[in-house]
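The values are calculated or read from the model by the stated rules, or taken from the named source; none is laboratory data. Predicted model only: the values in this text are computed from it and were never measured. Every residue, glycine among them, receives a Cβ derived from its backbone with ideal geometry; neighbour counts consider all protein chains shown.
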Amino acid sequence: MRENYIELVRKALRVSKAAKRVVIGDLNEIFASALENGETEAQVIERLGSPEEFAKSAAEQLGGSGRSVGVAARWSGICILAAAAICFVVYGMVRGAGVPDGVIGQADAMTNIAVEGNGQVPLAILLLGIVAVVAGAIQTVRGFCAKWRRR
Amino acid sequence: MENRYVQQFKKGSLEMILLCLIGKKETYGYEIITELNGSGAAVLGYAKEGTVYPILYRLQEAGLVQCRIAPAAANGGSKKYYSLTEKGEETLRELILFWREYTVCVDGFVEDYQRMEEKL
């Protein structure tokens, strides 16, 4: 009964490994002290509440906010990948809206027209998209690794 | 009278009560809960580990409480003994000072209201 409860709390805890060790150690102490004072395991469990509730309130105070680090990493990874997709779409639209390379005013011969302006913007958007893809992929992989490690 | 206002009062004061209990003497979780239930249960409600331990974690994270682990002779395991840090002692002194002023202030409003009520 006690082992089962502690195991459920361990699974539900969304904190670092060190913090998890602290909480599990405290739970063992709670049971031991209560039994020492004549209480039964069932009485202790009734007082502790559900394993999920206990884990959640402990995690909130230990900087875990009740949510897994892995979940946060996965979501941030997905958001970054979405931002990357937006960058590529914008890049594609900017490129598509322009005239072909080397054409100025649709002249078919050399002109003296000097072109001014920021021709680097589309390239910057493309680079930003590539960086976002890499960062998003790293975050997403980190998120899934954290999930697999917990199992 | 378990409305949410009462719950808020209890929640707000429990940290200070725990600091008082730990400040009185080095103590461990079960002893804190036993003492809370022995002298405060009628007003504060029945203390549970699920309420007390998260507060202990918060106090520890804030550097107000420190702990040491000592072997427990009775059960062969270990016990975590809590004591106040210097910062914890200082914070408790400030809280007690505030609490004195706070209760006088609130009592003033309550008494004013009760006097008015008696006149009606």
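Just a few scattered comments:
- Residue in the stretch B:37-53 that is assigned to a helix (DSSP H, G or I), over 20 Å from A:Leu48 (Cα atoms) and in contact (Cβ under 8 Å) with a residue 24 or more places away in the chain present: no
- Only listed residue being within 25 Å of A:Pro51 (Cα to Cα) and either out of contact with any Leu (no Cβ under 7 Å at 6 or more places or on another chain) or more than 14 Å from chain A (Cβ to nearest Cβ) (or both), chosen from B:Lys87, B:Lys24, B:Lys11: B:Lys11
- The residues of the stretch B:65-106 that are outside any helix (DSSP H, G or I) and of a type in the set (S, T, N, Q), listed by number, are B:Gln66, B:Asn75, B:Ser78, B:Ser83, B:Thr85.
- Breaking point among (1) surrounded by 15 or more Cβ atoms within 10 Å (Cβ to Cβ); (2) within 13 Å of B:Tyr82 (Cβ to Cβ), for B:Asn37: (2)
- Of the residues screened, B:Phe109 is not one that is surrounded by 11 or more Cβ atoms within 10 Å (Cβ to Cβ) and either out of contact with any helix residue (DSSP H, G or I) (no Cβ under 9 Å at 6 or more places or on another chain) or assigned to a loop (DSSP other than H, G, I, E, B) (or both).
- Scanning the stretch A:6-27 for residues that are small (Gly, Ala, Ser) and surrounded by fewer than 18 Cβ atoms within 10 Å (Cβ to Cβ), we see that the one that is nearest to the other protein chains (Cβ to nearest Cβ) is A:Gly25.
- Among residues of the stretch A:28-40 that are more than 7 Å from chain B (Cβ to nearest Cβ), those with a beta-carbon under 6 Å from a residue that is among the basic types (Lys, Arg) at least six positions away or on a different chain give the pairs A:Phe31/A:Arg2.
- Only one entry in B:Glu31, B:Glu35 is under 23 Å from B:Glu89 (Cβ atoms), acidic (Asp, Glu) and within 12 Å of another protein chain (Cβ to nearest Cβ), namely B:Glu31.
- Only listed residue being out of contact with any strand residue (DSSP E or B) (no Cβ under 8 Å at 6 or more places or on another chain) and modelled with pLDDT under 90, chosen from B:Glu31, B:Glu49: B:Glu49
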